[in-house]
Every structure is written in structure tokens, then in C-alpha cells.
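Asks: Before anything else, here's the structure in question.
The values are calculated or read from the model by the stated rules, or taken from the named source; none is laboratory data. Just so you know, these numbers come straight off a predicted model, no measurement behind them. Cβ atoms come from the backbone with ideal geometry, glycine included; neighbour counts cover every protein chain shown.
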Ligand code: ZN
Ligand code: ZN
Ligand code: FE
């Protein structure tokens, strides 16, 4: 920035700096207040719909110094996306002030996301001279709970859950005097005025030190509920196989991986391989669960993520979490999984835990600061040194994704599994927290309540509703009902198109592009179950060009639970029913196998599917890696984990019209099986084959259309082994590859595509 600052006769300069980015709820205004008053500047700072606006008046050299060194005076957790500078006439203003929030307009980001404890607060936690030493609720302007405790707007003490903890005199001084780092901190408290920790169990035990008892019980192998930021966790010692297995038994969750919380970064590195990018994610203010490649020597037991090569790890993100690991005899990692029965919403109160989940927990570490908005932990992986989100929730919500064009306020209801919905305002798309599988009644209720709260907090009233094309999704139902009640137009978008538009929108592209949309299932325009699609896609329209050849999905959705049925269907198509029965009869049971073959004859019970996700499932079942799934995608995940590093070759495949035929692929796989090739080799060759399918089909489409950009989305794009083969191959061949980096490629990111599609339709 080397604009001249003209000094007036008084020697003063004045300028307006407008900053966009992560500038709210990170202590931006107080930090600048301190920096600028120290330099003797006059002016003001305020939040506006355009971002933070700073007006500054001072001698020319000082204004220059501030502008040139702006990056050094902002808080560490702020992030500037855009900065504009405007020179003004000096007006002789005196003093510097923060213009309060009450005067702010309706559309600024009213609620910041929850932020992990900052370094300074953690230092105070262990500083015996500090009055907040050992205080588990320590926060400041740069860190602490936000969205999860917000009841209203603007985000200040009166409208968040800290409102019921009146400030003590000392805290009040820190809040109101700019020399303190908690100046204007809306969540500050201390041991004499803040929330209080307690331990509860059904036996009515009331220990002197709840934390000490918690640590002791965890060491002894107990399963405890621990109150977190957006809900309770179930915690146990991750190094004790019997404790983890007991948790699986009580929670009725036989295999779905558990997340871990590691004591610190060093402990993470013992559990798993941690790249620089992964370390940056782990230590970021969002503090998500990061999927890391497990070390063979990991101290965590096998039962935390059975059959998988990766393990989800996060760092303590509140002082309370961090204190769980204090003491030499604590394990380096705890299981920290959502406190619920499988697939139900995460518990919010100790009463709920003790009432409904008493058979799961041995006790509850809780406190009296209420959780207002339920918010699960976020999950992120790294691919190619960049984040690849799997679940975007705590720490990210409600920060918007910015579109490149304005649109009317919309509600996009998402899909069914991993549900997330979105509300838009102008260019901004506010994605909700993770809701989960809305076919579950409790989650459907969670959806309705979260929608009410989200719309109220963001002060958004949709003028149109967009949902999936699927006639039976609960979210389609909600959209129909809501649009009828509110008299709003309803729009429905095809699932796989919405996946690609989600990718286009976050990359700021309009298309047309080649869209590779691979996932488990989605409702197709022909009523079939799509999921292995090659589209020519723009935001507002698409054309389906190629897809995996249809096979019957025996028993419809039941084939998700029973991947052997998908194996049977694929083998029957490639090798004939007799051969299929010969291979799948023994693992399925001859009777079941014959019944499934009969079921396949009846189109009403076995919808045709082009699903890529179910194809991966089918191979996992044929190889005996996973014949019954206990969670969606388990067979495919375990197949990926089974792959050897470098496949020596791939299998053949072919085309018939628009259909991609895998007949030869299955024949070759069966030959490999008969020759006794190890599963690891077959799995790897198969992944390479699917990468070849992607490359070859994109080449065909490029020669037909001239398009050189490929957008990848859908749940299958969570498979980093597949991406690791396909993406470099596409790039080497001259394609530009667009991936999802801000929202998940799975159905957790589909509402962004729905919203962007509807905007494009309404604007076109
Ligand atoms: Zn802090
Ligand atoms: Zn206090
Ligand atoms: Fe999908």
C-alpha cells in the first residue's frame, strides 16, 4: 500500500480502512483500539455489513505507519480477505472510540463461530500467579464459545448464555478498560463470577474435586460424559482396549470410528503421521477433528477405528479439555465421541445424559453454563496439502461461504444423510451445523429446531425454498410444508447436479465444466438411483452424459446394509446369475442368495442404480473385507484402507453408448481372486481402475465439448486414495481440477449447491 497521504496545513491525515474477512468475534476492534490509542490516533471503529470500518485521524507519518504495518497490529486469529483504503478530509476529531454493536445493521455477521482456547488463555491457566490459574472456563476476546451459547443478536453478554453470570468487580474492570486484553470480551468470567464445574452420577456422589475424580475414573477405565462446547462427549482412555470395547457395546456402535482427543501435538505425532498442513489444522482456532494416517506403533488401541488406516484426532479446545490431561499418569489420548446413542442428536444437558443414557455412562463431568445451540465437532482431512472438509460444524458455523453474485434470501434444506441446511443473504450462504441423518425422528426434530434458531439468530426470512428432487426425503417434506405455510415458491434440484454446483460455487465458477459426481445414492431424473455420474454442468442446468451402467439394487436401500447384494448384482451382470450365485452363495447363505437373485428380477423391489459408492461396497463384499455394513460407507472405507501403496496395473472397462461397462473389470477381478492375489492388490488395482474410468471419460467429454475443467464432488470424493490417483492423472493430461475445500463433497455440502443453483435459476 503506497498511496500518498497528503498532510493538511494542520499536518493531519484521515483515512477510512474497510476490512473484510474473519474480523468479528476475534477481538479485532479491542486490539485495534489499543494499538491506535497507544499511537495517539483519533477516530472510530465499528462493524458494518461491509465489514469492519476503521476511521483514523493522526499526523501523516502515523497514519502511514498504521496502514503499512496493518497486518502486524491485527489479532493473530483475524484473517483479512479484502482491505480497501480511502483518503478523507481531516475533521479534527478527538479521541478514539468503538462504536457499539447495538447501532449495527441487520446483515452483518451477527454471531461468530466457537473458537478454541487461545495460547494466552492456556498460559494463564497454568500460571500459579494468575487469578484464572486452573480456571476451566477461561476465555478472552480472541477465544471461547460463541455460536453454541448465542441466544440472540448482537452477540453480547445479555444475549448469550453468560448473561446469567454477572461480572464481578475485577472482571467488570477488565471488560470496560482498554488496557486489558479482555476489553469488550463478551464471554469473560473468573473463578469468583463464572460457571462452576460439577460431577454427577446416578449414585448422587458429590466429590470435592470434580476434575480430580474425572481423571481418576478415566485412568481406571470408566466411561464418562464430559460437557463440551456444542454438546457432551463420551470419554474413555483410548489406550485401553477393554474400555473402548465396552463403550462400543454400551453405545451399540460396533465399528464406526471414534474420534480421539490427544493431549498435545506431540501426542498426536505418536498416534499418527502429522504433516505440516495437518498440524496447522489441528492447532487452528476451529480445532477440528483431523483425519490422520495411523502409526503402526500408535498407543491408541485398534478398537478406536477398526479396519481403517486413518484415525480422527483433535486437540483440547477448551481449558477444561486441556485440564483433563494434566498429571503424569493420564493417557496421551482419550476417546471423545458424541454423547448419544448411534445417530441420535448429541446430548445437551446432564439431565438428559443421566436420564436417557444412564446405561452408557459411569458419570458426568458437567457445569452450569448452558449449551444453547447444539454443534458437533467438525471433521477435516488433508489432500494435496489442503483441507478437504468431511463435516463442517463447530468452529466454522455460522461463518458464511461467499458467492460471487447476489440472490434473494433462500432456504436450502440439504439431503437426508449428514444433513446440513443453508440460509442465504445476498452473496452469503450460511450453512447450518451438522444435523445428521434426518430419517431419524430425533434428528428431524433437531432439524426443525435448528432451522428456527438459525433463521432467528441470522435474522433471515427466506423468500424461496430449494430442496432435493427426491420425493421421500424428510427434507423434501419439510421444504414442501414450509413453502406451503409461508406461501413461498419451492424449487427442486437433482442431487448430483447440486453436488457439482456446490463445487463450482465455492470455486467461484459458473461452468460449463465436466462434473464428476460420484456418491452413494441420489434420486435421478429417470427415477433410478444415480451415483456414478458424468455431467456437463453449469450452475443453472446440466446434461447427463455418461454414467456407470445400471445394475439392480436388490431390496433398494437395504443393499446399503448388505453389500453382498451389490456384489451379487454386479457379478450377475458381468458373469451371469449362476456364476454370481457360485461366488456369493457361501458368504450370503444359499437361501439368502437365491432370494436376492429373485428380488433382482422385480424392478419394483430392485431399482436400477449407477451408484459408484455401492460399487466400492460390492467389491469389499466380494473380497470378504466387509459383508455387512454397520454404518453408511463402511465397506468402501475398509476397501480403501486395504489398498497396497502402488497398484502395478488396473483392470479393463468399456463403453456402450452413455454407459460405462464394468463387465471386463469384474471378470478380471474374479480371475485375480481365483489366482489367489491378495485383497490389498485387488483393492489397489480397482482404485486405479476407477481413476482410469474418470480420466478416460473426461477425455472423451473433452474431445466432444472442448471443456478442460473437471469438478469433482459427491461422497466418493472423500476417498483420498482414489483422489490421489485420479487428480494427478487428470492434471497431467491437461485438465484443471476443481475440488471442494470449504464444504464437504458429501451430502454435508450439498445445500451450498442447492442454494447456488436456485440463485442461478432465479437470476437467469
Ligand atoms: Zn483467549
Ligand atoms: Zn469475575
Ligand atoms: Fe450425495
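Every residue, every condition in (1) within 32 Å of the chain's Cα centre (by Cα); (2) within 30 Å of residue 389 (Cα to Cα); (3) surrounded by 24 or more Cβ atoms within 10 Å (Cβ to Cβ), yes or no:
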site	(1), (2), (3)
661	no, no, no
664	no, no, no
685	yes, yes, no
716	yes, yes, yes
722	yes, yes, yes
728	yes, yes, no
742	yes, yes, no
754	yes, yes, yes
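Asks: Now for a separate question. Can you find even one residue in the stretch 187-196 that is modelled with pLDDT under 95, over 30 Å from the mean Cα position of the chain (by Cα), part of a loop (DSSP other than H, G, I, E, B) and under 20 Å from residue 30 (Cα atoms)?
Replies: No, the stretch 187-196 contains no residue that is modelled with pLDDT under 95, over 30 Å from the mean Cα position of the chain (by Cα), part of a loop (DSSP other than H, G, I, E, B) and under 20 Å from residue 30 (Cα atoms).
Asks: Can you tell me which condition residue 624 does not meet? The list is (1) at positive phi; (2) at pLDDT below 95, and all the others hold.
Replies: (2)
Asks: Against the definition (away from ligand 1 (no atom under 15 Å from the Cβ) and either surrounded by fewer than 16 Cβ atoms within 10 Å (Cβ to Cβ) or at positive phi (or both)), how does residue 144 come out, yes or no?
Replies: no
Asks: Here's another thing I want to ask about it. More than 18 Å from residue 121 (Cα to Cα), surrounded by 15 or more Cβ atoms within 10 Å (Cβ to Cβ) and away from ligand 3 (no atom under 16 Å from the Cβ), is that true of residue 183?
Replies: Against the criterion (more than 18 Å from residue 121 (Cα to Cα), surrounded by 15 or more Cβ atoms within 10 Å (Cβ to Cβ) and away from ligand 3 (no atom under 16 Å from the Cβ)), residue 183 does not qualify.
Asks: So, in the stretch 202-219, of the ones that are assigned to a helix (DSSP H, G or I) and closer than 22 Å to residue 129 by Cα, which residue ends up farthest from ligand 1 (Cβ to nearest atom)?
Replies: 212
Asks: Go through the stretch 388-407 and give me each residue that's outside any strand (DSSP E or B) and either within 11 Å of residue 756 (Cα to Cα) or free of Cβ contacts under 8 Å to residues at least 12 places away in the same chain (or both).
Replies: 403, 404, 405, 406, 407
Asks: Quick one: residue 158 ticks every box in (1) away from ligand 2 (no atom under 14 Å from the Cβ); (2) assigned to a loop (DSSP other than H, G, I, E, B); (3) surrounded by fewer than 21 Cβ atoms within 10 Å (Cβ to Cβ) bar one, so which box is it?
Replies: (2)
Asks: Now, a different point. Identify the residue in the stretch 532-550 that is more than 17 Å from residue 691 (Cβ to Cβ) and under 26 Å from the mean Cα position of the chain (by Cα) and, among all such residues, is surrounded by the most Cβ atoms within 10 Å (Cβ to Cβ).
Replies: 537
Asks: Continuing with the same structure: Report the residue count in the stretch 602-630 for those that are closer than 22 Å to residue 419 by Cα and surrounded by fewer than 17 Cβ atoms within 10 Å (Cβ to Cβ).
Replies: The number of residues fulfilling the criteria is 1.
Asks: Do we have residue 746 as away from ligand 1 (no atom under 16 Å from the Cβ), more than 19 Å from the chain's Cα centre (by Cα) and within 26 Å of residue 400 (Cα to Cα) here?
Replies: Against the criterion (away from ligand 1 (no atom under 16 Å from the Cβ), more than 19 Å from the chain's Cα centre (by Cα) and within 26 Å of residue 400 (Cα to Cα)), residue 746 does not qualify.
Asks: Just one of (1) closer than 30 Å to residue 334 by Cβ; (2) away from ligand 1 (no atom under 14 Å from the Cβ); (3) out of contact with any helix residue (DSSP H, G or I) (no Cβ under 6 Å at 6 or more places or on another chain) trips up residue 230, so point out which.
Replies: In the conditions (1) closer than 30 Å to residue 334 by Cβ; (2) away from ligand 1 (no atom under 14 Å from the Cβ); (3) out of contact with any helix residue (DSSP H, G or I) (no Cβ under 6 Å at 6 or more places or on another chain), residue 230 misses (3) alone.
Asks: Assess whether residue 168 counts as being in contact with a helix residue (DSSP H, G or I) (Cβ under 7 Å, 6 or more places away or on another chain), more than 14 Å from ligand 1 (Cβ to nearest atom) and modelled with pLDDT of 95 or more.
Replies: No: the conditions fail for residue 168.
Asks: Additional query: Just wondering, is there one or more residues in the stretch 431-442 that are outside any loop (DSSP other than H, G, I, E, B), touching a residue at least 12 places away in the same chain (Cβ under 8 Å) and surrounded by fewer than 16 Cβ atoms within 10 Å (Cβ to Cβ)? Write out each step before concluding.
Replies: As a first pass, look at the stretch 431-442 and keep what is outside any loop (DSSP other than H, G, I, E, B): 431, 436, 441-442.
From the residues that got through so far, the ones that are touching a residue at least 12 places away in the same chain (Cβ under 8 Å) too are 431, 436, 442.
Imposing the further condition that a residue be surrounded by fewer than 16 Cβ atoms within 10 Å (Cβ to Cβ) reduces the set to 442.
Yes - at least one qualifying residue is present in the stretch 431-442.
Asks: For the stretch 404-418, name all the residues that are touching a strand residue (DSSP E or B) at 6+ places or on another chain (Cβ under 6 Å) and either under 20 Å from residue 495 (Cα atoms) or within 16 Å of ligand 2 (Cβ to nearest atom) (or both).
Replies: 410, 411, 412, 413, 415
Asks: Tell me, yes or no, whether the stretch 318-331 has at least one residue that is under 21 Å from residue 365 (Cα atoms), surrounded by fewer than 17 Cβ atoms within 10 Å (Cβ to Cβ) and without any contact (Cβ under 8 Å) to a residue 40 or more places away in the chain.
Replies: Yes, there is a match, as at least one residue in the stretch 318-331 is under 21 Å from residue 365 (Cα atoms), surrounded by fewer than 17 Cβ atoms within 10 Å (Cβ to Cβ) and without any contact (Cβ under 8 Å) to a residue 40 or more places away in the chain.
Asks: Does at least one position in the stretch 184-199 carry a residue that is away from ligand 2 (no atom under 16 Å from the Cβ) and touching a strand residue (DSSP E or B) at 6+ places or on another chain (Cβ under 8 Å)?
Replies: Yes: one or more hits.
Asks: Please work out which residue is farthest from ligand 1 (Cβ to nearest atom), limiting yourself to the stretch 102-123 and to residues that are buried (at least 20 other Cβ atoms within 10 Å of the Cβ) and at pLDDT 90 or above.
Replies: Per the criteria, the residue is 113.
Asks: Name the residue that is nearest to ligand 3 (Cβ to nearest atom), counting only residues in the stretch 108-147 that are under 16 Å from residue 288 (Cα atoms) and touching a strand residue (DSSP E or B) at 6+ places or on another chain (Cβ under 6 Å).
Replies: The residue in question is 115.
Asks: In this structure, does residue 199 turn out to be within 32 Å of the chain's Cα centre (by Cα) and part of a loop (DSSP other than H, G, I, E, B)?
Replies: Against the criterion (within 32 Å of the chain's Cα centre (by Cα) and part of a loop (DSSP other than H, G, I, E, B)), residue 199 does not qualify.
Asks: Taking the stated definitions as given, is residue 535 part of a strand (DSSP E or B), modelled with pLDDT of 95 or more and closer than 20 Å to residue 702 by Cα?
Replies: Yes; evaluated as a whole, the condition is true for this residue.
Asks: Please determine whether any residue of the stretch 564-571 is modelled with pLDDT of 95 or more, surrounded by fewer than 24 Cβ atoms within 10 Å (Cβ to Cβ) and out of contact with any strand residue (DSSP E or B) (no Cβ under 6 Å at 6 or more places or on another chain).
Replies: No; the residues of the stretch 564-571 include none that is modelled with pLDDT of 95 or more, surrounded by fewer than 24 Cβ atoms within 10 Å (Cβ to Cβ) and out of contact with any strand residue (DSSP E or B) (no Cβ under 6 Å at 6 or more places or on another chain).
Asks: Using the structure shown, decide if residue 142 is out of contact with any helix residue (DSSP H, G or I) (no Cβ under 7 Å at 6 or more places or on another chain), more than 15 Å from ligand 2 (Cβ to nearest atom) and more than 30 Å from residue 300 (Cβ to Cβ).
Replies: On the way: out of contact with any helix residue (DSSP H, G or I) (no Cβ under 7 Å at 6 or more places or on another chain): yes; more than 15 Å from ligand 2 (Cβ to nearest atom): yes; more than 30 Å from residue 300 (Cβ to Cβ): yes.
The answer is yes for residue 142.
Asks: Could you list, in sequence order, the residues of the stretch 718-753 that are assigned to a helix (DSSP H, G or I) and within 13 Å of ligand 3 (Cβ to nearest atom)?
Replies: Passing the criteria: 718, 747, 748, 749, 750, 751, 752, 753.
Asks: Next question. I'd like to verify a number: residues in the stretch 498-514 that are in a strand (DSSP E or B) and under 20 Å from residue 422 (Cβ atoms), how many?
Replies: 0
Asks: Out of the residues in the stretch 400-415 that are surrounded by 22 or more Cβ atoms within 10 Å (Cβ to Cβ) and either within 16 Å of ligand 1 (Cβ to nearest atom) or within 16 Å of the chain's Cα centre (by Cα) (or both), state the one that is modelled with the lowest pLDDT.
Replies: 401
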